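The values are calculated or read from the model by the stated rules, or taken from the named source; none is laboratory data. The shown structure was predicted, so the numbers you read here are calculated from the model rather than taken from an experiment. Here the Cβ is made from the backbone with ideal geometry for all residues, glycine too, and neighbour counts use every protein chain on show. Surface accessibility is based on the protein's heavy atoms, side chains included, excluding ligands, DNA and RNA. Shrake-Rupley method; radii C 1.70, N 1.55, O 1.52, S 1.80 Å.
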Amino acid sequence: MKTTITITLLFIQSIIQIIMAQEMKENKGVVTFAGNPVTLLGELIKVGDTAPDFTAVGEGLKPARLSDYKGKTVILSVFPSVDTKVCAAQTRRFNKEASGLSEQVVVLTLSKDLPFALGRFCAAEGIDRIHTLSDYMHSEFGLKYGFLMKENMLLARGVVVINPAGKVTYVEYVKEVTSEPDYTKALEAARAAL
């Protein structure tokens, strides 16, 4: 019974997201997925923008907001699903790099994975230096930052760095979603934002 209710709720949420997607700004020609052009929904974020606050689902199904990390440099590591080779590599890499960053730098990963899947992955891989957030419920992050792909309702791959004053200092929408981001540039931007 619980499984049926959960699946029904997820289906309803998907329908709501599709309806919302039909009313959103569409950005074409920014990224491809496996060589095929995809449409990003929402406002593309730019360097110099004030980072919009958003709510996603964190550990224990608790709401997590960007504003929870106010006053810190935040790296947003964005990807479609941790159950893929490239997304898993991105998560492992930022977890490894986080140990060499200042205590004033926080790494948040964002995907459309369910929190349970993110928790299992982190437990199995020893991921303990980053925070995993799920945008599965309302796609609020994806729409506010322009990372939501219309064709599959997953997040595109990329990185956003936000300084302690809440300004965006670095943005990368990875041109081909199946490729990894430029870790060096993202980490340099995070160090420079301190």
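Considering only residues of segment 44-65 that are touching a Phe, Trp or Tyr at 6+ places or on another chain (Cβ under 8 Å) and more than 20 Å from residue 181 (Cβ to Cβ), which is least open to solvent (accessible area, probe 1.4 Å)? Write out each step before concluding.
Quick first cut of segment 44-65, residues touching a Phe, Trp or Tyr at 6+ places or on another chain (Cβ under 8 Å) only: 44-45, 47, 52, 54, 56-57, 65.
Those left that are additionally more than 20 Å from residue 181 (Cβ to Cβ): 52, 57, 65.
Numbers: 52: 37, 57: 14, 65: 93 Å².
Within segment 44-65, the match that is least open to solvent (accessible area, probe 1.4 Å) is 57.
The conditions are (1) over 19 Å from residue 93 (Cα atoms); (2) touching a strand residue (DSSP E or B) at 6+ places or on another chain (Cβ under 8 Å), and residue 144 fails exactly one of them. Which is it?
Every listed condition holds for residue 144 apart from (2).
Given the criteria surrounded by fewer than 20 Cβ atoms within 10 Å (Cβ to Cβ), of a type in the set (S, T, N, Q) and more than 16 Å from the chain's Cα centre (by Cα), does residue 178 qualify?
Details: surrounded by fewer than 20 Cβ atoms within 10 Å (Cβ to Cβ): yes; of a type in the set (S, T, N, Q): yes; more than 16 Å from the chain's Cα centre (by Cα): no.
Judged against the criteria, residue 178 is not a match.
Just give me the residues in segment 89-121 being in contact with a helix residue (DSSP H, G or I) (Cβ under 8 Å, 6 or more places away or on another chain), part of a helix (DSSP H, G or I), free of Cβ contacts under 8 Å to residues at least 60 places away in the same chain and farther than 24 Å from residue 191 by Cα, in sequence order.
Passing the criteria: 115, 121.
Take segment 144-170 and flag every residue that is among the hydrophobic types (A, V, I, L, M, F, W, C) and open to solvent by 40 Å² or more (accessible area, probe 1.4 Å).
Let us first name the residues in segment 144-170 that are among the hydrophobic types (A, V, I, L, M, F, W, C), namely 147-149, 153-156, 159-162, 165, 168.
Those that are among the hydrophobic types (A, V, I, L, M, F, W, C) and open to solvent by 40 Å² or more (accessible area, probe 1.4 Å): 154, 165.
If residue 124 meets every condition in (1) assigned to a loop (DSSP other than H, G, I, E, B); (2) open to solvent by 40 Å² or more (accessible area, probe 1.4 Å); (3) among the aliphatic types (A, V, I, L, M) apart from one, which number is that one?
All conditions pass for residue 124, except number (1).
Pairs needed: first member in segment 36-50, part of a loop (DSSP other than H, G, I, E, B); second member anywhere, of a type in the set (S, T, N, Q); C-beta distance under 6 Å; at least 6 residues apart or different chains.
44/27
With the requirement that a residue be open to solvent by less than 20 Å² (accessible area, probe 1.4 Å) and not in a helix (DSSP H, G or I), what does segment 131-143 give you? It would help to see each step written out before you state the result.
Narrowing segment 131-143 to residues open to solvent by less than 20 Å² (accessible area, probe 1.4 Å): 133-135, 139, 141-142.
Residues satisfying the conditions are 133, 134, 135, 139.
Conditions first: (1) surrounded by fewer than 20 Cβ atoms within 10 Å (Cβ to Cβ); (2) of a type in the set (A, V, I, L, M); (3) in contact (Cβ under 8 Å) with a residue 24 or more places away in the chain; (4) in a helix (DSSP H, G or I). Residue 189 passes all but one, so which condition is the exception?
If we test residue 189 against (1) surrounded by fewer than 20 Cβ atoms within 10 Å (Cβ to Cβ); (2) of a type in the set (A, V, I, L, M); (3) in contact (Cβ under 8 Å) with a residue 24 or more places away in the chain; (4) in a helix (DSSP H, G or I), just (1) comes out false.
Give me a count of the residues in segment 59-102 that are touching an Asp or Glu at 6+ places or on another chain (Cβ under 6 Å) and within 17 Å of residue 119 (Cβ to Cβ).
So the count comes out to 2.
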